[in-house]
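Have a look at the structure below before the remarks.
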Amino acid sequence: MSATTNNSRPPIGVGVVGCGYWGPNLVRNFARQADARVVAVCDRDADRAARVAREFRVPTVVTEPAALVRDAAVDLVVIATPASNHFEIARDALLAGKHVLVMKPLTTRVDHGEELVALAERQGLMLAVDHTFVYTGAVQRMREMADAGELGDIYYVDSVRINLGLFHGDINVVWDLAPHDISIIDHVLGGRLPLEVSAVGACHAGSRTENIAYVTLRYGPELLAHVHVNWLAPAKVRRTIVGGSRRMIIYDDMEPSEKVKIYDKGVSIAPTSGADEVYRQLVSYRSGDMHAPRIDMREALDVEAEHLLECIRTGARPRADGAAGLRVVRILEAAQLSIDSGSVPITLAPAPAAGSSVVPS
């Protein structure tokens with residue numbers, strides 16, 4: 001690569017596979033980074049790929065992922081294809097010595113996710129997943145509060161992500177929408193896997209896959225998370241509530257400015273084995289003020305692109321690495337198994353310790 005950035009470092013060559021709904025957003029955000037250059041785009045629809053290339057002045061247009069992966073100018077392969085194609089393209093890219101960013105979900109099978117995480121580790125390459133909301137100022141603020149103990153004991157997380165459409169042919173609503181909410185929960189809770197997953201779903205409007213579902217994650221006797229996803233809702237709702245013993249949070253992504261509201265409300269329950277009357281006397285409620293903190297409103301994809309390029313440069317672990325992507329896939333697969341088995345709770349085995357290791361390029 002002959003081009004250089006202002007600090008004389010050669011730019012990281014980025015190739016984007018998939019120029020449909022999400023791909024152009026990724027091209028735009030990587031193209032604006034000072035130490036990167038989008039050198040190739042790929043889409044089976046040559047006209048669509050050519051339009052994206054013209055808009056962002058990308059020099060190479062191909063219609064087959066293998067051609068982009070073979071391109072010596074590409075250091076980072078960004079995969080924005082249907083989920084069913086993620087594994088094969090990501091595996092080929094890692095084998096070719098490329099860093100990889102995959103859209104959610106990482107894969108549609110746990111064993112495929114495990115293979116990619118292990119392969120990235122062996123190759124010394126970055127494997128990252130586009131858990132976009134993890135890079136928002138709102139979710140970062142929630143994580144900081146949880147880490148600092150400002151919420152107290154977290155009792156529950158309740159998340160709703162509903163809208164009218166879009167129906168997908170290769171995945172159902174759980175695999176399409178729930179990765180967003182599960183990745184938020186995973187990040188706020190510090191990467192904990194639930195002990196048990198149960199789910200119920202239904203198919204409507206002639207669909208052969210679930211277009212509405214409710215997923216429950218049990219992290220222990222005192223911590224539950226619940227995710228409601230729906231393609232058939234009349235309005236778009238993106239809301240997460242985190243309830244703690246000291247404070248509670250409402251994160252509403254549809255709010256234009258005050259996306260996070262922190263409530264100084266909580267409840268304390270003194271342990272007792274006495275009668276109901278005694279129990280009621282030992283419950284203490286606190287109701288204080290609400291405030292909306294100032295949060296970073298920078299576009300999440302811009303933050304993510306900058307962060308991942310820095311990870312490639314320095315060898316740091318991405319905020320949403322392959323291990324995080326694999327945890328989400330484990331939960332999704334368990335939820336699907338629960339739906340298919342009539343809502344039977346599925347116990348999750350402990351996750352392997354393997355992670356996505358990164359070395360400087």
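The values are calculated or read from the model by the stated rules, or taken from the named source; none is laboratory data. Keep in mind that what you see is a predicted model, and the values were worked out from it rather than measured. Neighbour counts are summed over all protein chains in view; Cβ atoms, including those assigned to glycine, are modelled from backbone coordinates with ideal geometry.
Please verify whether Ile185 is crowded, with 18+ Cβ neighbours inside 10 Å, β-branched (Val, Ile, Thr), outside any loop (DSSP other than H, G, I, E, B) and without any contact (Cβ under 8 Å) to a residue 60 or more places away in the chain, treating the condition exactly as stated.
Values: crowded, with 18+ Cβ neighbours inside 10 Å: yes; β-branched (Val, Ile, Thr): yes; outside any loop (DSSP other than H, G, I, E, B): yes; without any contact (Cβ under 8 Å) to a residue 60 or more places away in the chain: yes.
Against the criterion (crowded, with 18+ Cβ neighbours inside 10 Å, β-branched (Val, Ile, Thr), outside any loop (DSSP other than H, G, I, E, B) and without any contact (Cβ under 8 Å) to a residue 60 or more places away in the chain), Ile185 qualifies.
For segment 212-240, filtering for residues that are touching a residue at least 40 places away in the same chain (Cβ under 8 Å), over 20 Å from the mean Cα position of the chain (by Cα) and not in a strand (DSSP E or B) leaves 1.
Condition check ((1) out of contact with any helix residue (DSSP H, G or I) (no Cβ under 7 Å at 6 or more places or on another chain); (2) closer than 17 Å to Trp22 by Cα; (3) crowded, with 22+ Cβ neighbours inside 10 Å; (4) touching a residue at least 40 places away in the same chain (Cβ under 8 Å)) across all residues:
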{"position": "Val110", "(1), (2), (3), (4)": "no, no, no, yes"}
{"position": "Val129", "(1), (2), (3), (4)": "no, yes, yes, yes"}
{"position": "Asp153", "(1), (2), (3), (4)": "yes, no, no, yes"}
{"position": "Val160", "(1), (2), (3), (4)": "yes, no, no, yes"}
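Of all residues in segment 118-145, exactly one satisfies the criterion of being under 15 Å from Tyr251 (Cβ atoms) and either part of a strand (DSSP E or B) or over 18 Å from the mean Cα position of the chain (by Cα) (or both), namely Met145.
Restricting attention to segment 143-173, the residues being more than 14 Å from Arg246 (Cα to Cα) and not polar (S, T, N, Q) number 16. Reported count of residues in segment 188-211, each being among the β-branched types (Val, Ile, Thr) and part of a strand (DSSP E or B), is 2.
Cβ separations smaller than 9 Å between residues 6+ apart or across chains give no pair from segment 326-341 residues that are modelled with pLDDT under 95 to residues that are among the acidic types (Asp, Glu). Determine whether Asp170 is modelled with pLDDT under 95, among the acidic types (Asp, Glu), out of contact with any Leu (no Cβ under 6 Å at 6 or more places or on another chain) and closer than 22 Å to Trp22 by Cβ. Answer is yes for this residue.
When you scan segment 189-206, how many residues do you find that are without any contact (Cβ under 8 Å) to a residue 60 or more places away in the chain and surrounded by fewer than 17 Cβ atoms within 10 Å (Cβ to Cβ)? Walk me through how you get there before you give the answer.
Filtering segment 189-206 down to residues without any contact (Cβ under 8 Å) to a residue 60 or more places away in the chain leaves 189-190, 192, 202-206.
Now restrict to residues that are surrounded by fewer than 17 Cβ atoms within 10 Å (Cβ to Cβ): 190, 192, 202-206.
Here the count works out to 7.
Please report, ordered by residue number, the helices (runs of 4 or more DSSP H) entirely within segment 1-105 with at least 1 residues that are at pLDDT 95 or above and in contact with a Pro (Cβ under 9 Å, 6 or more places away or on another chain). First the steps, then the outcome.
Numbers: elements: 23-31, 46-56, 65-70, 86-95.
So the answer is 46-56, 86-95.
Of all the numbered requirements in (1) surrounded by 24 or more Cβ atoms within 10 Å (Cβ to Cβ); (2) among the small types (Gly, Ala, Ser); (3) at positive phi, Gly149 misses one, and that requirement is (1).
Filter segment 164-210 down to the residues that are on the phi > 0 side of the Ramachandran plot and not hydrophobic (A, V, I, L, M, F, W, C), then identify the one that is farthest from the chain's Cα centre (by Cα). The selected residue is Gly206.
When you scan segment 287-307, do you find a residue that is at pLDDT below 80 and farther than 20 Å from Ile185 by Cα, even just one? Before the answer, list the steps.
Of segment 287-307, the ones at pLDDT below 80 are 287-288.
With the extra rule that they be farther than 20 Å from Ile185 by Cα, the set shrinks to 287-288.
Yes, some residue in segment 287-307 is at pLDDT below 80 and farther than 20 Å from Ile185 by Cα.
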